[in-house]
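These notes are about the structure you will find just below.
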Amino acid sequence: MISNAEKNQLLLIKVIKRWLKHKDWEVRKVAMNICANREIPVRLLERGLKDKHYEVREAAMKACIRRDVPLRLLELGLKDEDVGVREATMDACVGRYVPLELLQRGMLDTEWSVRHAAMFACVGKDVAVEMIERWLEDFDNEVREEFLKSHAMCGMPVPTIRQFEPPETVYKKCLGDVIVCASIPKDAHTVGGLKKYCRSSKAVITDVIGTFGGEPVGVSLQDESTTYCKGDEVFVADFDFSSTDEAPGFHFFCLREDAEDYEHFKAW
């Protein structure tokens, strides 16, 4: 004998089917909203994902969250022209197995919110270093910051990311034409390259060439307060992995002549 709960479930499915055929998109959207956290046949969710109105499709994908829906539905959502649908697709990937190539497509999305959602979908998964580097270099600072926060919350250290290997001695120009010499530790993150304006997350000051105010001390051109003395160990807690020149980090040049010629760019 069928129970009242089962009868109500069958009735609800019939209602959803009828509403999905309704001419008013808001009614169709409600039909998909009702599907969230309920055991509704996958075929109905798929119909919602093929609806002509984006809000109905978004509601359908949100109804897939925390459900082990077929991968074809996620593929369908990730191809959607609406950013809300693609973002919900990445949310639907959280806590379940999906091919990493699917998550990589979310990482490459043109909208930062989709890339952000893809990042959360990867937390706890064994992702390649190349994927981590992509998040750390994302041009949207919110994606970069949230990635670092999520890693810290999970107790997962960020692997050392080095865009290039700096020479044994690097150079930084300070106030009064003082040149600070430094070495970059092997476990420091690096951004830049030879003949480029570079940054690192760590540095050890090995020498100070010249004086400021009669003292062998380098003073930052940027804030005119940060000092560098021989033997100092520099650590930048909020190091930014993007390629933005003015982002936080220990700024330097690989060649002394480039540091000496530096006039226009303010450095930390």
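Since every read-out is calculated from the coordinates, none of them should be taken as a lab result. For clarity, every value in this text was computed on a predicted model and none was experimentally measured. Ideal geometry is used to build each Cβ from the backbone, glycine not excepted, and the neighbour counts take in all protein chains shown.
Worth a mention:
- Estimated from helical segments only, the mean residue ellipticity of the chain at 222 nm is -11500 deg cm²/dmol, where each DSSP H run of four or more residues counts as -39500 (n - 2.57).
- Take 74-86, 109-121 and order them by the average number of nearby Cβ atoms within 10 Å per residue, most first; the result is 109-121, 74-86.
- Under 12 Å, Cβ to Cβ, from residue 187 - net charge with Lys/Arg +1 and Asp/Glu -1: +3
- Percent of alpha-carbon pairs separated by more than 24 Å within the chain: 60
- Residue separation of residue 261 and residue 168 scaled by 0.36 nm, minus their Cα-Cα distance, works out to 31.4 nm of gained length.
- Between residue 37 and residue 2, the simple spin-label model (points 7 angstrom out along Cα→Cβ) gives 2.6 nm.
- Degrees between helix 141-153 axis and first principal axis of the chain (Cα, 0 to 90, nearest 10): 80
- Approximate shape of segment 170-261 as ellipsoid semi-axes (Cα gyration tensor, √5λ), whole Å, largest first: 20, 14, 12
- 3J(HN,Hα) couplings calculated from phi for segment 72-89 with the Karplus curve 6.51 cos²θ - 1.76 cosθ + 1.60 (θ = phi - 60°) are, in sequence order, 4, 6, 5, 4, 5, x, 6, 8, 5, 6, 8, 5, x, 5, 5, 5, 4, 5 Hz; Gly and Pro show x.
- Take every pair of alpha-carbon atoms less than 8 Å apart whose residues are at least six positions apart; their mean separation over the length of the chain yields a relative contact order of 11 percent.
- Interchain or long-range residues, amide H under 5 Å from residue 234's placed H: 203, 204, 205
- Here the calculated FRET efficiency for residue 54 and residue 245, from their Cβ-Cβ distance with R0 = 41 Å, stands at 0.60, rounded to the nearest 0.05.
- Nearest-0.05 FRET efficiency for residue 82 and residue 235, computed from C-beta distance (R0 45 Å): 0.55
- Phi-based couplings in Hz for segment 5-13 (Karplus 6.51, -1.76, 1.60; Gly and Pro marked x): 5, 5, 4, 5, 5, 5, 5, 4, 4
- Span from the segment 192-268 Cα centroid across to the segment 1-76 one, whole angstrom: 57
- Computed from Cα atoms, the angle from the helix 25-35 axis to the main principal axis of the chain rounds to 80 degrees.
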